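Read through the structure below, which is laid out as structure tokens, and then see the notes.
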Amino acid sequence: MTGSEMNAPIRKIAALSVLVAGTLGLTACAGAFDPETDATSPLAPRVQEMVDSHREFPRWEQFPRQLEPEPEPVAIAANVNTLRVSSGALAGEASRIDWQTSGDAAAFAESTRARVSAVEVARPTAETAAEIEAFARRARERGRAPPPIDRR
């Protein structure tokens, strides 16, 4: 008998065991869907009253009616046309943006750095950045490999 032929009964037994365990688990939970109230409890009449009052689902007629009337097709068409016009205006504005840098990349990077450094940073933000840098430095120091061991 080969190894796969020997494992076939084990797989079948395992699958059957899982199936039986799942079935037993589901039947054990079935009693939870039909609980009974303890008749000797002082709250039993109130609990039963609340359960009985909520046995039926609401009917469609019990839902509130729509308060606002549906918009007229003319109003919907006007809104669609307004969206088309504003979409066209937005597309025109986006087309005027120079999305590619046409000059020197180093000069662009320097001008960006200059604009960023011109903005004053709040003190808590600067302290937080310093704390982050210190944490990163400590983490790099801890991450260094130890010196090799001399095995002579």
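The values are calculated or read from the model by the stated rules, or taken from the named source; none is laboratory data. Values in this document were obtained by computation on a predicted structure and should not be read as measured data. For neighbour counting, all protein chains shown are included, and Cβ atoms are generated from backbone atoms with ideal geometry for every residue, glycine included.
Some notes on this structure:
- On inspection, Val74 does not qualify as of a type in the set (A, V, I, L, M) and either in contact with a helix residue (DSSP H, G or I) (Cβ under 6 Å, 6 or more places away or on another chain) or not in a helix (DSSP H, G or I) (or both).
- Test result for Val51, out of contact with any helix residue (DSSP H, G or I) (no Cβ under 9 Å at 6 or more places or on another chain), exposed (fewer than 10 other Cβ atoms within 10 Å of the Cβ), modelled with pLDDT of 80 or more and of a type outside the set (Gly, Ala, Ser): no
- Only one of Ser111, Ser86 that is modelled with pLDDT of 95 or more, assigned to a helix (DSSP H, G or I) and surrounded by 10 or more Cβ atoms within 10 Å (Cβ to Cβ): Ser86
- Members of the stretch 114-136 that are at pLDDT below 90 and of a type in the set (Lys, Arg): Arg123
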